[in-house]
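Reviewing the structure listed below.
The values are calculated or read from the model by the stated rules, or taken from the named source; none is laboratory data. Note that the structure is a prediction, hence the values are computed from the model and not measured. The area values use the complete protein model at the heavy-atom level, side chains included, leaving out ligands, DNA and RNA. Shrake-Rupley method; radii C 1.70, N 1.55, O 1.52, S 1.80 Å.
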Amino acid sequence: MTHLDDRFGEITVLLDSDAGRLEVRGGSIPPAVVERAAGAETDVHVPVGTRNGAHLVMTVGGGAVRLAPRKGKLSRRSYAVVVVRDGITYRLVPDSLDGSRLLKDRRHIGDFSSGGDGWVLAAWKEGADVAPADASVGYALAAAFGTGGQPMWMMAVEAVTDLFPG
């Protein structure tokens, strides 16, 4: 899918959930790729197929980065995904039912929304210093892992109601 980003123009997101491969590319950003290892156990709720960092490889501009998705349990923050590239730490953290914020060294630089189908919506914070590689990382993480998450109280209510027959 091709998206028109306000700062970086056309950005293409190619997601193949079955193969466990995601690619982000555009004329003004470095390419980013997230790949799942062959034979890795898959989770249909994760667009790239797994949150297990041991079964994932990510590159930005052809160089390997450290990718550390959290497991995703009870809290929204447990769904955060961390990337370290060239000494910069990025975190994509759910902050609403549908959206996640992208932090660059703890500074909020943008907001992302993706339903897990390769479509990504990005809104950059006004005045934020956003580099092309930041866009590559943000789009890749949003598309590979999806965005948003339920608040803990909502998950707790669902867990309790699941205990009772319907």
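Here the accessible area of the chain is 52 percent carbon and sulfur, with a 1.4 angstrom probe and all protein chains present. Taking a cut-off of 20 Å, what percent of all Cα-Cα pairs in segment 1-85 are separated by more than that? Counting pairs separated by more than 20 Å, the tail of P(r) holds 39 percent. Cα axis of helix 152-162 to longest principal axis of the chain: angle in degrees, 0 to 90, nearest 10? On a 0 to 90 degree scale, this one is about 40.
Most fluctuating residue of GLU35, GLU23, GLU126 in a GNM of the chain with Cα springs under 10 Å: which is it? Of the options given, GLU126 has the highest mean-square fluctuation.
Rounded, prolate or oblate: pick one for segment 48-144, where a ≥ b ≥ c are the square roots of the eigenvalues of its C-alpha gyration tensor, a/c under 1.5 means rounded, and failing that, prolate if a/b is larger than b/c, else oblate.
Since a/c stays below 1.5, the shape of segment 48-144 is classed as rounded.
The Stokes-Einstein estimate for the chain, based on a Kirkwood radius over Cα pairs and taken at 20 °C with 1.002 mPa s viscosity, is a diffusion coefficient of 134 µm²/s.
Axis of helix 132-145 versus longest Cα principal axis of the chain: the two differ by about 30°, to the nearest ten degrees.
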